[in-house]
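Bear in mind that the values in this text are calculations on the coordinates, not laboratory data. Computed from a predicted model, the values in this text were never measured in an experiment. A quick note on method: Cβ atoms are made from the backbone with ideal geometry, for glycine too, and the neighbour counts reach across all protein chains shown.
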Amino acid sequence: MHLLVELAKSAIENYVTSGTEITVPLHFLNDLLNKKAGVFVTIEKDKELRGCIGTYLPCHKNIAEETIHNAILAAAEDYRFGPIKKDELPHLSFTVYILGEPELVRDQKELNPKKYGVIVESSDKKRVGLLLPDLKGVDTISEQISIACAKAEIDPSEHIIIYKFTAEKYQ
């Protein structure tokens, strides 16, 4: 298990059992303490989505802190699910995504749902939807954009601004 996945798992288990946030362990790798990036944490229970929350731009001091914070939010505050309970902990698996910087898309031909995630933004910049790259069942650019628009409650026929990003995936 990758160190970031272990960190997310530890953060979630600690939060669910004690209600407190862990600190970054002292032995943590320097490159994850010296870099900032957006991070998404996905939680699955028996191979079904159980929580997923993240940031596409960094909000914390480093990747490790971003992972801890977003892991707790995915476990406790994903509006689609109730908070994770102690008895669920043995049945969970975790994925951590480290996001590259978003790049403005000028032509949808630049997109590839297997390689890039997308961020769609309404023209008034009040609604934003994000879809991670290489998701099962998302095979076309139009599917990817449509799902991201639905997440943000944006009508796909309205003018949208699209960004693409890469992501490093750790399981």
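Could you pull out the pairs from K86/K151; K9/K164; K9/K151; K115/K169; K45/K164; K114/K151 whose alpha carbons sit more than 21 Å apart here? Mind dumping the intermediate values first?
Values: K86/K151 29 Å; K9/K164 28 Å; K9/K151 26 Å; K115/K169 11 Å; K45/K164 28 Å; K114/K151 19 Å.
From the list (K86/K151; K9/K164; K9/K151; K115/K169; K45/K164; K114/K151), the Cα-Cα distance tops 21 Å for K86/K151; K9/K164; K9/K151; K45/K164.
So, by mean Cβ neighbours within 10 angstrom, what's the order for 72-81, 113-122, 95-104 with the highest one leading? The partial results should precede the final answer.
Details: 72-81: 16.8, 113-122: 20.3, 95-104: 18.6.
Descending packing order for the listed peptides: 113-122, 95-104, 72-81.
Figure the gain on full extension for H27 and A150 (residue separation times 0.36 nm, minus the Cα-Cα span) and round it to one decimal in nm. Let's see the in-between values first.
Numbers: separation 123, 0.36 × 123 = 44.28 nm, distance 4.11 nm.
Value of the extension gain: 40.2 nm.
Once the Cα atoms of helix 3-18 and of the chain are each reduced to a long axis, what angle between those two axes, in degrees from 0 to 90 to the nearest 10, is obtained?
The angle comes out near 70 degrees.
Residue by residue through the range 99-111, what is 3J(HN,Hα) from phi via Karplus (6.51 cos²θ - 1.76 cosθ + 1.60, θ = phi - 60°)? Round to whole Hz and write x for glycine and proline.
8, x, 5, x, 10, 4, 9, 8, 9, 4, 5, 6, 7
How far apart, in nm, are the 7 Å Cα→Cβ label points at H159 and K35?
Label-label distance for H159 and K35, simple model: 3.7 nm.
Once R0 is set to 41 Å, what does the formula 1/(1 + (r/R0)^6) return for the Cβ-Cβ distance between K169 and D124, expressed as a FRET efficiency to the nearest 0.05?
Efficiency at R0 = 41 Å is approximately 0.80.
Based solely on its DSSP helices, what 222 nm [θ] is calculated for the chain when runs of n ≥ 4 H residues each add -39,500 (n - 2.57) and the sum is averaged over all residues, nearest 500 deg cm²/dmol?
On the way: 4 runs with 46 residues, N = 171.
The helix contribution divided over the chain gives -8500 deg cm²/dmol.
If I compute percent of Cα pairs over 22 Å apart from the structure I just sent, which labelled value in (1) 51; (2) 71; (3) 44 lines up?
Derived directly from the coordinates: (3).
Based on the Cβ-Cβ distance from L104 to S142, what FRET efficiency comes out when R0 is 22 Å, to the nearest 0.05? Spell out each step's value before the answer.
Numbers: r = 19 Å, r/R0 = 0.87.
It comes out at approximately 0.70.
By how many degrees, between 0 and 90 and to the nearest 10, does the Cα long axis of helix 141-151 differ from the longest principal axis of the chain?
Once rounded, the angle reads 60 degrees.
Using a Förster distance of 22 Å, how high is the FRET efficiency between S10 and E88, based on the Cβ-Cβ distance and rounded to 0.05?
According to the calculation, E is roughly 0.90.
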